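The values are calculated or read from the model by the stated rules, or taken from the named source; none is laboratory data. Computed from a prediction, not measured in an experiment: that's the story for all the values here. Every residue, glycine as well, gets a Cβ built from its backbone with ideal geometry; the counts of neighbours run over all protein chains shown. Please note that ligands, DNA and RNA were not included when accessible areas were found on the heavy atoms of the full protein model with its side chains. Shrake-Rupley method; radii C 1.70, N 1.55, O 1.52, S 1.80 Å.
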Amino acid sequence: MTLELHPVLLDVQESLKEYHKYAKKIRCAYEFAASQDLHFFTGLGNNLLQARKFFQLYLVVAYAKIDSERLQILRKEQNRLRADNYQNLKDTTVVRDGDPTNVARQTDVTEEAAKNMALINLEDIIASIDGTSLENHSLPVPTRQANKRKDKEYSRETNYSCEDQGRIADANVQKLTPEQSVIYNDFTQKIQNGQSGLCFLDAPGGCGKTFLIETILASQRAKGSIAIATASTGLAATLLPGGRTVHSTYKYLLT
Ligand SMILES: Nc1ncnc2c1ncn2[C@@H]1O[C@H](COP(=O)(O)OP(=O)(O)OP(=O)(O)O)[C@@H](O)[C@H]1O
């Protein structure tokens, strides 16, 4: 198999090679076990674990590499980014006389204001990548009005239509099985009472865990509450509405 890696990933190809080595061992072990009609094969579990470990390592390191590369680009391109923002700002403040839909006012956009706006945007992007501010990257710090702080994380988690979420929750609640209903009611009751707690949900595949979680998420979002859905891998996160990886959401350190 030929792998074409993006240049930024060259440093991490060792873990990928290791993964392929173990994946090959597993394939051989399976083939051998099948040819001998064996149901157990010593060492297979270990190889599986190793392959999984290397693959996870590869994904995590590759992700970190890509994000740090993005940061470099932002650093290098900050002049151009500011120019783009300045242009956008000008575009949105042009007066179109006679146009009844025009609600904008000609605003005197000073260079200083445009620069500040660009820095705010830049800082928001960097914060979403690694949770740091411009100061941590030796860049000028923008002036922000505390009450006007644009919190992307907050807007992301509140950007749901309560009506839509309500419809999803209502439709799903009707369909819950008795077991799902017990968990759903317990969960919503605890939230209503302002109780904190941990709930561990486990059941065989296809039993409706995701369906239940979707229902809980929708019922909370329908009330305008924040319900954050995270999973340990990107793939698992895609199964949850609004799902994200746990390390990206909570900015967990990778080491
Ligand atoms: N109460 C329900 N009413 C109608 N459909 C349901 C219900 N519970 C689950 N389902 C459906 O059953 C299928 C399997 O459910 P789901 O994906 O939630 O299972 P799961 O336990 O999360 O599975 P896995 O562990 O494999 O991810 C889905 O298509 C889901 O929409």
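Condition first: under 25 Å from the mean Cα position of the chain (by Cα), touching a residue at least 40 places away in the same chain (Cβ under 8 Å) and within 11 Å of the ligand (Cβ to nearest atom). Can you find one or more residues in the stretch 190-211 that meet it?
If we filter the stretch 190-211 for residues that are under 25 Å from the mean Cα position of the chain (by Cα), which is where we start, we get 191, 196-202, 205-206, 208-211.
Those still in the list that are touching a residue at least 40 places away in the same chain (Cβ under 8 Å) too: none.
No - not one qualifying residue is present in the stretch 190-211.
Spot the failing condition for Ile168; the list is (1) more than 10 Å from the ligand (Cβ to nearest atom); (2) more than 26 Å from Leu235 (Cβ to Cβ), and only one is missed.
In the conditions (1) more than 10 Å from the ligand (Cβ to nearest atom); (2) more than 26 Å from Leu235 (Cβ to Cβ), Ile168 misses (2) alone.
What helices (runs of 4 or more DSSP H) lie completely within the stretch 160-255 and have 2 or more residues being under 30 Å from Lys65 (Cα atoms) and open to solvent by less than 60 Å² (accessible area, probe 1.4 Å)?
Values: elements: 162-175, 178-192, 209-222, 234-237, 246-250.
It comes to 234-237, 246-250.
Name the residue, out of Arg244, Arg221, that is under 26 Å from Glu123 (Cα atoms) and either within 13 Å of the ligand (Cβ to nearest atom) or among the basic types (Lys, Arg) (or both). Show your work before the answer.
Values: Arg221 fails: under 26 Å from Glu123 (Cα atoms).
One residue alone meets the criteria, Arg244.
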